[in-house]
Amino acid sequence: MGKVVGGIGLSHVPSVGPVVDRNRTQEPAWKPLFDAYVPVREWLQRLKPHVAIVVYNDHAADFSFDKYPTFALGVAERYAIGDEGFGTRPLPEVPGDFGLSAHVAESLVYEHEFDLTICQEIAVEHGFLVPMNLCFPHAAHGWPVRAIPLQVNVIQHPLPTARRCYRLGQALRAAVASYPAEVRVVVMGTGGMSHQLQGKRFGFMNEKFDQWFLDRLEAEPALRSRSERSAERDEEAGPARDERDDEELPHRGVAHDTAEQADPARHAGDVVRRVLDALQRRRGIEQAGERQPRVDGDGARGRRIGRLVAGRLHLDRAAARGGRLGAGRLRAQLGDAGGEVGGELARILIALLRVLLQRARDTMPREKTSERWSGGWPEICSGDM
Amino acid sequence: MLRPIPDTSIFDLRLAQRGRRLNKLCAALCSPAERDAFKRDEEAFMSRFGLTDAEKDLIRKRDFQGLIDAGTNIYYLLKIGSATGNGLYKMGAQMRGETYEQFLATRNMRGAV
């Protein structure tokens, strides 16, 4: 099975590239930066990853505004080195992992409903290459890992929201975990901290803000909405706040996929699916599909169970309003219910949950929190089952 | 939806539309042959991309803030900067109204260029 063995958030200062190429890494101005990555590389050597998924942004090297994807995934055997307007760096082309790329593409599109642009060719540039230089130094014959580029638009508004990027990270982790072959994956999310690149405030950066932001990223990975941030904070950060938020967050989502959801109702479908999976694993039931017609036919029993489930879910939802609802907690509750009464209840729950899941899929607005959906659980649970 | 930030524009679709010709010209500079063509005959190169006279003038004058205001995306602007011998810091110094040396003096690591 695939496994995410590490996640790294790091910068991609473009001048690092020529410094590496010209062997200037030990000059006094650059040594501190490169020295900081020595323990990172030692850590990575212990992790022995096979693949690096690099969540980065292109800087108008291989993507252009003629057609500009919000999320673009590389699905190729190898990736060429791009020319950003300064010439092509003397680096070996980067080996891809077609099998994992194809699996991630299918998982993100089918299971997690991310509408990706799929790329058979990407010429990678400093957003991708600087993190590779810092973490996986190449030799003359090639790179020590295979790599998969995942490009995120952070240069032309409208940008994907930070929340969306966080969810992309969660989906990425799930996609890697469901890969049938053994593969150890490191996910890198790359972007700058505060920096302003134009206007009279060119070169502006605010370390105090950056430290505050990193603290929040660590303590509250499940995000506050843009509207919850103060206007002053945005002003302090400069425009590159967008790169920082949106590029680094996929990596946080990968690291925190078990974090409780900020808005439980929006994730109803995911919760139901996880419950279903957990029950199937716990009970080892393989023929639920064959039992479906019989269960569906037993209307009275179905309604009784439906009320039981609805009641529990109401309780959870109330709990969620007061605090937070963890998918793990709901899963445990339902699993316990199955354990109390025995396998038959679990089978019936599975049948019911299949119906719930289908309805959640059919009716749930995936991308916005609507008033209609915030009352959605009773709608799903009190139907004619 | 997007709040203003001091001393900068935010590159949205309206700015992208305004800068369409300029950004297409810049994108072409990712090819060595096109860079040579630009250096050989800037005027002919600019005409190929249908730039207005005002836009051409901004390039002639190396007016980087003017190019930003005309809708050139900063990451595209870097390509014109490179083709004309103006790296990011030189363009930035001009936008701040400083000399290159004055700008470098504001940095923690002056050699990190």
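The values are calculated or read from the model by the stated rules, or taken from the named source; none is laboratory data. All values derive from a computational prediction rather than experimental measurement. Neighbour counts are summed over all protein chains in view; Cβ atoms, including those assigned to glycine, are modelled from backbone coordinates with ideal geometry. Heads up: the accessible areas ignore ligands, DNA and RNA and are worked out on the full protein's heavy atoms, side chains in. Shrake-Rupley method; radii C 1.70, N 1.55, O 1.52, S 1.80 Å.
The numbered conditions (1) in a loop (DSSP other than H, G, I, E, B); (2) away from chain B (no Cβ under 12 Å) are all true for A:GLU27 except (2). Applying the condition of being open to solvent by less than 10 Å² (accessible area, probe 1.4 Å) and more than 13 Å from every other protein chain (Cβ to nearest Cβ) to region A:185-213 and asking which residue is nearest to B:PRO6 (Cα to Cα) yields A:GLY191. Taken residue by residue, region A:174-181 has no member that is modelled with pLDDT of 95 or more and under 30 Å from A:HIS195 (Cβ atoms). Count of region A:84-112 residues, restricted to those that are hydrophobic (A, V, I, L, M, F, W, C) and part of a strand (DSSP E or B), is 1.
Filtering region A:3-19 to residues that are closer than 13 Å to A:LEU47 by Cα and either assigned to a helix (DSSP H, G or I) or of a type in the set (A, V, I, L, M, F, W, C) (or both) leaves A:VAL4, A:VAL5, A:ILE8.
Here B:ASN108 passes the criteria (1) more than 8 Å from chain A (Cβ to nearest Cβ); (2) open to solvent by 50 Å² or more (accessible area, probe 1.4 Å); (3) modelled with pLDDT of 95 or more except the one numbered (3).
Within region B:64-80, the set of residues being more than 25 Å from B:ALA112 (Cβ to Cβ) and either in contact (Cβ under 8 Å) with a residue 12 or more places away in the chain or at the interface with chain A (Cβ under 7 Å from one of its Cβ atoms) (or both) comprises B:LEU67, B:ASP69, B:ALA70, B:GLY71, B:THR72. If the condition is being in a loop (DSSP other than H, G, I, E, B) and open to solvent by 60 Å² or more (accessible area, probe 1.4 Å), then region B:58-80 contributes B:LYS61, B:ARG62.
Does region B:33-43 contain any residue that is surrounded by fewer than 15 Cβ atoms within 10 Å (Cβ to Cβ) and at the interface with another protein chain (Cβ under 8 Å from one of its Cβ atoms)? Within region B:33-43 (the criterion being surrounded by fewer than 15 Cβ atoms within 10 Å (Cβ to Cβ) and at the interface with another protein chain (Cβ under 8 Å from one of its Cβ atoms)), the answer is no, since none of the residues qualifies. Checked against (1) touching a strand residue (DSSP E or B) at 6+ places or on another chain (Cβ under 7 Å); (2) more than 13 Å from every other protein chain (Cβ to nearest Cβ); (3) open to solvent by 10 Å² or more (accessible area, probe 1.4 Å), A:ILE81 meets all criteria but (2). Quick one: would you say B:GLY92 is in a helix (DSSP H, G or I), under 14 Å from B:LEU29 (Cβ atoms) and not hydrophobic (A, V, I, L, M, F, W, C)? So B:GLY92 fails the test. Residues that are farther than 25 Å from A:LYS48 by Cβ, touching a residue at least 12 places away in the same chain (Cβ under 8 Å) and touching a His at 6+ places or on another chain (Cβ under 8 Å) occur in region A:155-162; there is at least one.
Residue-level analysis places A:THR70 among those that are of a type in the set (Ser, Thr, Tyr), within 14 Å of chain B (Cβ to nearest Cβ) and open to solvent by 40 Å² or more (accessible area, probe 1.4 Å).
Residue pairs whose Cβ atoms lie under 7 Å apart, sitting 6 or more positions apart in sequence or on different chains, and linking a residue in region A:131-152 that is closer than 13 Å to A:MET188 by Cβ to a partner that is among the basic types (Lys, Arg), are A:CYS135/A:ARG41. Every test in (1) in contact (Cβ under 8 Å) with a residue 60 or more places away in the chain; (2) not hydroxyl-bearing (Ser, Thr, Tyr); (3) not in a strand (DSSP E or B) is passed by A:PRO32 save one, and that test is (1).
Just one of the listed residues (B:ALA83, B:ALA16) is among the small types (Gly, Ala, Ser), closer than 24 Å to A:LEU159 by Cα, within 8 Å of chain A (Cβ to nearest Cβ) and open to solvent by 10 Å² or more (accessible area, probe 1.4 Å), namely B:ALA16. Can you confirm whether region A:222-229 contains a residue that is away from every other protein chain (no Cβ under 14 Å), free of Cβ contacts under 8 Å to residues at least 40 places away in the same chain and closer than 30 Å to B:ARG3 by Cα? So far as region A:222-229 goes, yes, one or more of its residues are away from every other protein chain (no Cβ under 14 Å), free of Cβ contacts under 8 Å to residues at least 40 places away in the same chain and closer than 30 Å to B:ARG3 by Cα.
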